[in-house]
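Everything below concerns the one structure shown next.
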Number of protein chains: 2
Amino acid sequence: MAPPPSTTISPIVMLIVRILTFISLLISVIIIVTNTATSTVATSFGLIDVKIKFSAFYAYRYMLATGVIGMAYTLLQTAFTIFYVTTGNRFGGDGLAFLDFYGDKVFSYMLATGAGAGFGLTVDLNRNDDSADSFLNKANAATSLLLIGFVFSAISSVFSSLSLPKKAV
Amino acid sequence: MAPPPSTTISPIVMLIVRILTFISLLISVIIIVTNTATSTVATSFGLIDVKIKFSAFYAYRYMLATGVIGMAYTLLQTAFTIFYVTTGNRFGGDGLAFLDFYGDKVFSYMLATGAGAGFGLTVDLNRNDDSADSFLNKANAATSLLLIGFVFSAISSVFSSLSLPKKAV
């Protein structure tokens, strides 16, 4: 018996994982962008309140960038997977399986570094200042969701590795 | 013609990539552990100099942990690959190919989060205090090497994905 051209992972399961990735990243991005804190600082005008946004920290900017790029990629892959579910054929045939394979690898690694950067900064900021707790808790929530999105994208990466066509190897 | 049981990636290339991973992680770990800074702080005894080590920051501790765990895993895989190079057979046969596949995925993702955490903290610390430049430059060097080690481990992960036996899929 000849081996099948690809694995028997259900396209429905692939689709669900893609959608879960997208939702996790979307919520993460919304939390990052809307997260603000107010800090009282001493200026030459006396004490004034300044608003602190995620963009004050490079790590959160990078996190946002990975989240948005990851969303765009996941949306594209979701469209391909919907095509697969509805027609029963992979979009672009086996030729695109390698693009899936390398794409999933690259973007899931990117999300892993984004989640790492978010936690790397937040965990150590957290010890400095109790007044920023709400801001940092929201940053932690956003990073956790990015981490969850990364885990789902890693599952997609396992699927696309297992789905590599045999002949092209 | 029946498809071959695994890809034609040379075991020598696999071995070289494993060794490069190991060396990058080793140098990274050495730099993290030996990196110290002196900071003058105000105490009830007046101004005294305190020594700051990597362990003062959770992100660097996590980085060290991923580096050390990554080294242990890479060393094991290097031994397996040397076995492959010398005997021409994969250690444990095709059964262990899946262990390689999932192991490489997990550990390369772990290194990606470690590198992310290191940069996430260092980039934002860097803006605060010029006196800590030497410490943070060394931290950046260590994180860069961890990132290089991650890239090599990602290459190993691509190899182990492509080397998955066909029959077991």
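What to note about this one:
- Nearest-first distances (nm) between copies at B:Ala56, label 7 Å from Cα via Cβ: 2.2
- Around B:Gln77: net Lys/Arg minus Asp/Glu count, Cβ-Cβ under 15 Å: +1
- Positive-pole candidate from A:Phe119, A:Ile19, A:Asn35, dipole of segment A:1-147, charges at beta carbon: A:Ile19
- Quotient of Cα Rg and 2.2 N^0.38 Å for the protein assembly as shown, N being how many residues it contains: 1.14
- Ordering A:52-60, B:24-32 by mean Cβ neighbour count within 10 Å, with the highest value first, yields B:24-32, A:52-60.
- Cα-based convex hull, chain A, per residue volume (Å³, whole number): 111
- Partner shielding of B:101-113 amounts to 4, given as the average count of beta-carbon atoms from other chains within 10 Å of each residue beta-carbon.
- Listed residues A:Asp133, A:Asp124, A:Asp104, most fluctuating in chain A (Gaussian network, C-alpha, under 10 Å): A:Asp124
- Peptide B:50-57, shielding by other chains (average Cβ, 10 Å cutoff): 1
- Charging the Cβ of each Asp and Glu at -1 and of each Lys and Arg at +1, and nothing else, the dipole of segment B:11-162 about its Cα centre rounds to 200 debye.
- Chain A: DSSP helices with Cα axial extent of at least 30 Å and average Kyte-Doolittle hydropathy no lower than 1.6: A:11-34
- Ordering B:141-152, B:61-72 by mean Cβ neighbour count within 10 Å, with the highest value first, yields B:141-152, B:61-72.
- Fully extending the segment from A:Leu76 to A:Ser39, taken as 0.36 nm per residue of separation minus the present Cα-Cα distance, adds 9.3 nm.
- Taking 0.36 nm per residue of separation and subtracting the Cα-Cα distance, full extension of the segment from B:Leu99 to B:Ile19 would add 26.9 nm.
- Our compactness index for segment A:1-93, the C-alpha radius of gyration over the empirical 2.2 N^0.38 Å, is 1.75.
- Cross-link pairs exceeding 23 Å in C-alpha to C-alpha distance, out of A:Lys138/B:Lys138; A:Lys53/B:Lys51; A:Lys51/B:Lys53; B:Lys51/B:Lys138, comprise A:Lys138/B:Lys138; A:Lys53/B:Lys51; A:Lys51/B:Lys53.
- What separates the A:Asn137 label point from its copies, with the point 7 Å along Cα to Cβ, is 4.1 nm, written shortest first.
- Net charge of Cβ neighbours under 14 Å - reference A:Met63; Lys, Arg +1; Asp, Glu -1: +2
- Alpha-carbon centroids, segment A:100-159 and segment A:4-49: separation in whole Å: 8
- Net charge contributed by nearby residues that have their C-beta within less than 10 Å of A:Ile32 (K/R +1, D/E -1): +3
Quick note: the coordinates plus some simple rules give every number you see, no bench work behind them. Keep in mind it's a predicted model, so treat the numbers as computed, not measured. Cβ: placed from backbone, ideal geometry, glycine included. Neighbour counts: every protein chain shown.
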